[in-house]
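A.B. asks: First the structure, then my questions, so here it is.
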Amino acid sequence: MEMHPRKSTVPFYAVAVLWIVSGALLPLYAPMHYGLLAAVSAAVFLAVNALCRGGGVARTAEAAVEQAEVKKEESTGDPALDKMLKDGRLAIAEMKRLDDNIADPGISADIVRLEQVSAKIFDEVKQDPKKLPQIRRFMDYYLPTTLKLLNSYDRMSTAGVSGQNIDTTLARVEGMMRTVVAAFEKQLDSLYGAEALDISTDITVLESMIVNANMYLSHFS
C-alpha cells in the first residue's frame, strides 16, 4: 500500500498570522493593499510549505528507505540466525538513536565503540553460524541490559532537573561504561578462540620445522 505523508498545516497558520498582524498594524483600505497582501501571503505560504516539506517529508522518505532496506534482507535459511541478525540490526539502530540523543561526549564515544564491536560480532556469526550458541548470553542479557541502562541514562539526562537519585544513576552508568565496552570486546575476542588456537598450533609446527631445518643445514656448514 502506497503511503502519502500528511501535508503540514503550518503554512496556513503562517498566512493567518500574517493577515492578523497586517490588519492590526497596516492601513488596509484600498483594493491595491489587499492585492499586495495576497501576493505576500502566497509567497509566505510557498516558502513555509517548502521548509516543512524539506524537513518532514525528507525524514519520512528516509525512514521509508531504511524500513525497505530492513525488509529486503534475505533470509539465511536458518530461523535462529535470521532472528539474531534482525535483533542485531534493531540494537545497532537503537544505539545510533541514543548516540544522537545523549550529549555527554564520553558516553557518546562509548556507544560508538559498542556499535562497532556489536556489528563485528553479528558479522562474524553470520559468516560462521556455528558460533551462534557462543553469543546466546550476549544477545539475551548483555545487549538488552546495556540498552536498558543507556535508555535510562537518556531519559534522566534530559529530564531537566537534578537530584540525588538522578545524579547517582547517571554517575553509575558513566562509571561502568568502560566495563561494558570491555565485556563486548571480550565477547568478540572469544569468537576467534578456535581460530586463534589453530593459528597457534600452526605457528608451533612451523617453528619446529624451522628449528629442524636449521639443525639439518648446520651439518653441511
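A.B. asks: Need one number: nm distance between label points at A182 and L149, each 7 Å from Cα along Cα→Cβ, rounded to one decimal.
C.D. replies: 1.2 nm
A.B. asks: May I ask you to evaluate 6.51 cos²θ - 1.76 cosθ + 1.60, the Karplus curve with θ = phi - 60°, for each residue of segment 94-105 and list the ³J(HN,Hα) values in order in whole Hz, giving x for glycine and proline?
C.D. replies: Taking θ as phi minus 60°, the curve returns 5, 4, 4, 5, 5, 4, 5, 7, 7, 7, 4, x Hz for segment 94-105.
A.B. asks: Right, another one. Of I107, I92, F122, which is farthest along the charge dipole of segment 83-135 in the positive direction, counting Lys and Arg as +1 and Asp and Glu as -1 at C-beta?
C.D. replies: It is F122.
A.B. asks: Could you line up I102, I121 from fewest to most neighbouring Cβ atoms inside 10 Å? Each step should come with its number before you reach the end.
C.D. replies: Working: I102 18, I121 24.
The most exposed by this proxy come first: I102, I121.
A.B. asks: Next question, about the same structure. In whole Å and largest first, what semi-axes does the C-alpha gyration tensor of segment 80-189 yield when each eigenvalue is scaled by 5 and square-rooted?
C.D. replies: Values: eigenvalues 155, 32, 27 Å².
Semi-axis lengths for segment 80-189 are 28, 13, 12 Å.
Read-outs throughout are calculated quantities, based only on the coordinates presented, and are distinct from any laboratory measurement. Remember, predicted model here, so these are calculated numbers, not experimental data. When we count neighbours, we look across all protein chains shown, and the Cβ atoms used for this are built from the backbone with ideal geometry, even at glycine.
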